[in-house]
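These notes concern the structure reproduced below.
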Amino acid sequence: MAEADPSASGKAPVVATRAAPPVRTNGSLSWRMISVAALWITVLLTGGGIALDRVLVSAVTTNFDDQLEYVLQAMIVSSEIGPDGEVYFTRQPADQRFLEPYSGLYWQISAPGHDDFPSRSLWDRRLAYGGKHNDLTIHEYDSEEFPKEKLRVVERDVQLPGSPVRWRFKVASSRDTLDAQIGALRQTLVRSFLLLAVGLIGLAALQTFYGLWPLRKVREEIVRMRAGKSRRIDQAMPIEVAPMVEELNALIEHNDRQAEEARAHAGNLAHALKTPLTVIMNAATAQADDLAATVIREAATMRRQVDHHLARARAVGRRGNVHSRAAVWPSLESVERAVGRLYPNVRFDMDGAKDLSVHVERQDLDEMLGNLIENAAKYGGGSVFVTVRAAGEFVECLVEDDGMGIPEEERSRIFDRGARLDTGKPGTGLGLAIVRDVAEIYGGSITLEESEDLGGLLARLSLPAAS
């Protein structure tokens with residue numbers, strides 16, 4: 001069964017287009033910035049909260065101890081030794097809680113070999129005497145000697161006048177009040193710091209989304225360019241984003257320029273091939289006697305045009321590579337050896353700096369130097385002299401010969417494709433045109449002058465220097 005022609009149905013064949021591969025991602029930049037900010041805020045607030053908690057707890061505890069010490073000092077001041085050798089108060093402590101059993105506030109005076117002198121609030125309990133002190137300073141500590149009641153104890157050893165022993169004065173208070181104050185303080189700290197953390201993280205998130213908003217605008221502008229609504233990003237951007245936008249616009253212009261050059265090259269090549277193909281078709285249609293010679297001649301013309309445009313296309317394709325770099329002297333030596341085998345009777349001399357490099361691909365540099373040196377050997381009188389030197393931001397290669405030279409009025413026309421002043425020698429007439437086109441693609445230039453030393457032609461090739 002014969003296959004159906006898709007064009008016969010009047011419908012254009014459907015061409016499948018392959019979608020662009022998805023871009024690999026490694027997470028959200030926004031969430032990454034927010035997470036780092038949240039982690040750092042948490043660490044700082046936790047450390048600051050712990051330090052502040054210690055300071056405030058120490059201050060509350062010190063204030064609580066100061067109140068107990070005040071009572072202790074009042075007890076010591078109002079204490080005396082009676083005739084029986086026991087201690088007594090000349091003035092009773094004023095706090096009513098000392099008279100209420102198990103009120104949570106207690107005092108006691110003790111000494112070895114003497115009965116304890118307790119407050120009424122202790123009732124049937126006694127405070128532990130503890131170990132001996134080697135000094136007369138006040139000591140504060142926590143005690144759990146009473147079941148289900150934690151105490152904060154302040155004590156001091158005092159030797160009263162008329163007594164040979166040291167009496168231990170103690171004031172104890174339940175820690176419930178102190179713990180309640182510390183608990184309320186910590187609760188306030190935790191709530192305040194949590195609220196502060198939420199506020200700071202929210203501020204970091206707002207700052208992140210607001211700071212990255214220009215990148216979303218860049219994305220929208222790129223979508224507009226893909227839709228054909230704009231050719232470049234013209235919106236004002238922050239200072240940090242502006243360099244990226246400038247590079248993006250430059251890349252777009254570079255791609256547009258390359259696309260335009262590619263279209264121009266394709267048009268020029270098509271136009272250059274059209275005439276030879278027409279000549280061949282006419283000769284073949286008329287069955288001309290010189291058909292074979294015509295085909296050979298026109299095919300050679302087409303080959304010259306193809307070589308010329310291929311050289312330009314290669315240079316244009318490699319121009320975007322900022323890492324293009326070639327050493328000039330090794331390229332000269334390689335070209336000199338190749339041309340020397342074609343023209344063994346020509347003398348080649350080279351001089352100049354041997355450590356210079358240019359921002360050009362080695363293959364393109366060889367082609368430009370090869371065309372210039374081959375022309376000098378072909379049309380010169382037998383001597384070719386090449387000089388390499390630095391000229392500011394460029395490297396100059398001067399190729400001189402001892403031939404007849406080229407009149408000044410003819411020097412610009414010689415760069416036209418196919419132009420030849422000496423038709424008696426074989427050639428395509430494209431050598432200098434290729435050198436000019438490739439040099440201009442890399443930002444260089446080629447000029448023709450008269451050689452002062454050899455009297456012939458001097459070709460000055462200038463290319464961007466590579467530091």
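The values are calculated or read from the model by the stated rules, or taken from the named source; none is laboratory data. Every value quoted in this text rests on a predicted model; they were computed, and no experiment measured them. Counting neighbours? That spans all protein chains shown, and the Cβs are built from the backbone with ideal geometry, glycine included.
Of note:
- Candidates in region 115-139 are the residues that are out of contact with any Pro (no Cβ under 7 Å at 6 or more places or on another chain) and surrounded by 15 or more Cβ atoms within 10 Å (Cβ to Cβ); of these, the one that is modelled with the lowest pLDDT is 130.
- Residue match in region 429-445 (condition: part of a strand (DSSP E or B), modelled with pLDDT of 85 or more and either under 23 Å from residue 301 (Cβ atoms) or not hydroxyl-bearing (Ser, Thr, Tyr) (or both)): no
- Given (1) of a type outside the set (Phe, Trp, Tyr); (2) assigned to a helix (DSSP H, G or I); (3) at pLDDT 75 or above, number of the condition residue 345 does not satisfy: (2)
- Of all residues in region 151-170, those satisfying the criterion of being surrounded by fewer than 15 Cβ atoms within 10 Å (Cβ to Cβ) and without any contact (Cβ under 8 Å) to a residue 40 or more places away in the chain are 159, 164.
- Residue count for region 148-168 satisfying the condition of being in a strand (DSSP E or B) and either under 60 Å from the mean Cα position of the chain (by Cα) or among the hydroxyl-bearing types (Ser, Thr, Tyr) (or both): 2.
- Out of 170, 150, sole residue that is touching a Leu at 6+ places or on another chain (Cβ under 6 Å), of a type in the set (D, E, K, R), under 20 Å from residue 66 (Cα atoms) and assigned by TED's automatic domain parsing to the domain that holds residue 69: 170
For (1) aliphatic (A, V, I, L, M); (2) part of a helix (DSSP H, G or I); (3) under 30 Å from residue 253 (Cα atoms), each residue gets a yes or a no:
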{"position": "324", "(1), (2), (3)": "no, no, yes"}
{"position": "339", "(1), (2), (3)": "yes, yes, no"}
{"position": "355", "(1), (2), (3)": "no, no, no"}
{"position": "370", "(1), (2), (3)": "no, yes, no"}
{"position": "377", "(1), (2), (3)": "yes, yes, no"}
{"position": "387", "(1), (2), (3)": "no, no, no"}
{"position": "396", "(1), (2), (3)": "no, no, yes"}
{"position": "406", "(1), (2), (3)": "yes, no, no"}
{"position": "409", "(1), (2), (3)": "no, yes, no"}
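- Filtering 378, 354 for residues that are more than 20 Å from residue 453 (Cα to Cα) and either outside the structural domain of residue 452 (by TED's automatic domain parsing) or among the basic types (Lys, Arg) (or both) leaves a single hit, 354.
- With respect to being over 60 Å from the mean Cα position of the chain (by Cα), over 30 Å from residue 187 (Cβ atoms) and loosely packed, with under 14 Cβ neighbours inside 10 Å, residue 73 falls outside the description.
- Filter pass, residue 182 being part of a helix (DSSP H, G or I) and not assigned by TED's automatic domain parsing to the domain that holds residue 87: no
- For region 86-104, a residue qualifies if it is more than 21 Å from residue 145 (Cα to Cα), among the aliphatic types (A, V, I, L, M) and touching a helix residue (DSSP H, G or I) at 6+ places or on another chain (Cβ under 9 Å), and exactly one does: 94.
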